[in-house]
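Below: one structure, written as structure tokens.
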Amino acid sequence: MIARQIHSPLDLERKFGLAGGDIFHGRMSLDQLWAARPVWGAGQYRMPIGGLYLCGAGAHPGGGVTGAPGYNAARAVLKDRGLLARLGSRWGQDP
């Protein structure tokens, strides 16, 4: 071993701005999944403010390196603007 680096939750909060050191921007428990992520009523990537969409680790399906929240939020934007149908079946079903 040449080197190592260890980050505690406090280090993650201070260094990267992750509240509570949580890399998923909120715990991944039953009350924070699907339609309830980040809160009830905002689980389809659309926020209560018109034209504002959530697409980070705080959105379903959560953090990680999948890119799924951004992909799903982009589909929601395209659907809201009436552009999703024009892209064809490669985009799959509506969000």
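Cβ-Cβ distances below 6 Å connect the following pairs, each with a first residue in segment 13-25 that is in contact (Cβ under 8 Å) with a residue 24 or more places away in the chain, a second residue that is surrounded by 15 or more Cβ atoms within 10 Å (Cβ to Cβ) and not polar (S, T, N, Q), and a separation of six or more residues or different chains: Ile23/Gly63; Phe24/Ala57; Phe24/Gly62; Phe24/Gly63; His25/Ala57; His25/Gly58. One residue stands out among those in segment 22-48 that are modelled with pLDDT of 80 or more and within 19 Å of Leu78 (Cα to Cα): the one that is surrounded by the fewest Cβ atoms within 10 Å (Cβ to Cβ), which is Pro48.
For Val77, are the conditions met, namely being modelled with pLDDT under 80 and either touching a Lys or Arg at 6+ places or on another chain (Cβ under 6 Å) or of a type in the set (Val, Ile, Thr) (or both)?
Values: modelled with pLDDT under 80: no; either touching a Lys or Arg at 6+ places or on another chain (Cβ under 6 Å) or of a type in the set (Val, Ile, Thr) (or both): yes.
No.
So in segment 1-21, with the set limited to residues that are of a type in the set (A, V, I, L, M, F, W, C) and within 15 Å of Gly63 (Cβ to Cβ), which one is modelled with the highest pLDDT?
Here is the first cut: in segment 1-21, the residues of a type in the set (A, V, I, L, M, F, W, C) are 1-3, 6, 10, 12, 16, 18-19.
Right, trim to within 15 Å of Gly63 (Cβ to Cβ) and you get 12, 16, 18-19.
On the way: Leu12: 89, Phe16: 85, Leu18: 83, Ala19: 80.
Selected residue: Leu12.
In segment 60-76, is there at least one residue being more than 27 Å from Pro9 (Cα to Cα), without any contact (Cβ under 8 Å) to a residue 12 or more places away in the chain, of a type in the set (A, V, I, L, M, F, W, C) and part of a loop (DSSP other than H, G, I, E, B)?
Looking for residues that are more than 27 Å from Pro9 (Cα to Cα), without any contact (Cβ under 8 Å) to a residue 12 or more places away in the chain, of a type in the set (A, V, I, L, M, F, W, C) and part of a loop (DSSP other than H, G, I, E, B), one finds none in segment 60-76, hence no.
Could you tell me how many of the residues in segment 49-84 are surrounded by 12 or more Cβ atoms within 10 Å (Cβ to Cβ), over 15 Å from Ile23 (Cα atoms) and among the small types (Gly, Ala, Ser)? Looking only at that region, the number is 5.
Within segment 29-53, residues that are among the basic types (Lys, Arg) sit with their Cβ atoms under 8 Å from residues that are assigned to a strand (DSSP E or B), at 6+ positions apart or across chains, in these pairs: Arg46/Tyr53.
The values are calculated or read from the model by the stated rules, or taken from the named source; none is laboratory data. Note that the structure is predicted; figures quoted are calculated from it, not measured. All Cβ positions, even for glycine, are placed from backbone atoms using ideal geometry, and neighbour counts span all protein chains on display.
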